[in-house]
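Enquirer: Here it is, the structure in full.
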Amino acid sequence: MDFKISREGKLFLLKAARNSIKDKLYGSVTDNGDAPADLDFKSGCFVTLHLRKRLRGCIGNFRNDIAIADNVKEMARQAAFADPRFGPVSRDEFAMCEIEISVLSPMIPATAEDITVGRDGIYIINGYSRGVLLPQVAKEHYWDRETFLEQTCVKAGLPQNAYKDKDTTIFRFEALVFGDGDLYRSEE
């Protein structure tokens, strides 16, 4: 990606995500203060919640018409309370959840051959079926490009080889990924 977010910016987004979930759980309203200047942009994002190193929720969008801080806050609430794969996060779970944020580049039309594992996320569309996997998923599972494409098809509810279908559209995107664990690391 051709942009970076400062350590201060990353910390602000992580705090805003956590406070957004906390406010919904406890009926409070937290003022996160002013966002750092490097967060003055609009972008899509995904917020992922992990509980004991396992997925607990993940929701995102590719919108480029909403400020990144506002988008992160909304996606954090959605990941905690609206991911259809899980029930709402409880107060006890929330205390143990780790948050990961993926700030997305714009989507680029691609072919299967254009996909680079470790750099790209994939968004596949065929008719009404749509599936997305973030760049870090392929790395975490040690997938090659073909497996990554197949698993994105499966996520979309399509046959594994649907990425080869002429009616399938493939997009690639990059993501700047950081999480709670980054709070304790120095700036990269």
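Enquirer: Can you tell me which residue in segment 159-181 is nearest to Leu104 (Cα to Cα), limited to those that are among the aliphatic types (A, V, I, L, M) and open to solvent by 30 Å² or more (accessible area, probe 1.4 Å)?
Expert: Leu176
Enquirer: Right, here's the next one. Considering (1) under 22 Å from Leu134 (Cα atoms); (2) of a type outside the set (A, V, I, L, M, F, W, C); (3) not in a helix (DSSP H, G or I), say which one Asp34 fails and leave the rest.
Expert: The single condition Asp34 does not satisfy is (1).
Enquirer: Further, regarding this structure: Answer yes or no: is there a residue in segment 90-105 that is of a type outside the set (D, E, K, R), under 17 Å from Thr169 (Cβ atoms) and over 14 Å from the mean Cα position of the chain (by Cα).
Expert: No, segment 90-105 contains no residue that is of a type outside the set (D, E, K, R), under 17 Å from Thr169 (Cβ atoms) and over 14 Å from the mean Cα position of the chain (by Cα).
Residue by residue, here is whether (1) under 23 Å from Arg172 (Cα atoms); (2) open to solvent by 50 Å² or more (accessible area, probe 1.4 Å); (3) of a type in the set (S, T, N, Q) holds:
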site	(1), (2), (3)
Gly9	no, no, no
Asp23	no, no, no
Ala37	no, yes, no
Lys42	yes, yes, no
Arg77	no, yes, no
Ala80	no, no, no
Phe86	no, yes, no
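Enquirer: Something else about it: Checking Gly60 against (1) under 21 Å from Asp182 (Cα atoms); (2) surrounded by fewer than 20 Cβ atoms within 10 Å (Cβ to Cβ); (3) at pLDDT 95 or above, which test does it fail?
Expert: Going through the list (1) under 21 Å from Asp182 (Cα atoms); (2) surrounded by fewer than 20 Cβ atoms within 10 Å (Cβ to Cβ); (3) at pLDDT 95 or above, Gly60 breaks only (2).
Enquirer: Return the pair list, or none, for Cβ contacts closer than 7 Å from residues in segment 24-46 that are touching a residue at least 24 places away in the same chain (Cβ under 8 Å) to residues that are exposed (fewer than 12 other Cβ atoms within 10 Å of the Cβ), at least 6 apart or on different chains.
Expert: Leu25/Arg91; Lys42/Asp65
Enquirer: So, in segment 106-130, exactly how many residues are more than 13 Å from the chain's Cα centre (by Cα), crowded, with 18+ Cβ neighbours inside 10 Å, of a type outside the set (A, V, I, L, M) and under 19 Å from Ile59 (Cα atoms)?
Expert: Summing the residues that are more than 13 Å from the chain's Cα centre (by Cα), crowded, with 18+ Cβ neighbours inside 10 Å, of a type outside the set (A, V, I, L, M) and under 19 Å from Ile59 (Cα atoms) in segment 106-130 gives 0.
The values are calculated or read from the model by the stated rules, or taken from the named source; none is laboratory data. Quantities reported herein were computed from a predicted structural model and do not represent experimental measurements. As a convention, Cβ positions derive from the backbone with ideal geometry for all residues, glycine included, and neighbour counts pool all protein chains shown. SASA here: full protein model, heavy atoms, side chains in, ligands and nucleic acids out. Shrake-Rupley method; radii C 1.70, N 1.55, O 1.52, S 1.80 Å.
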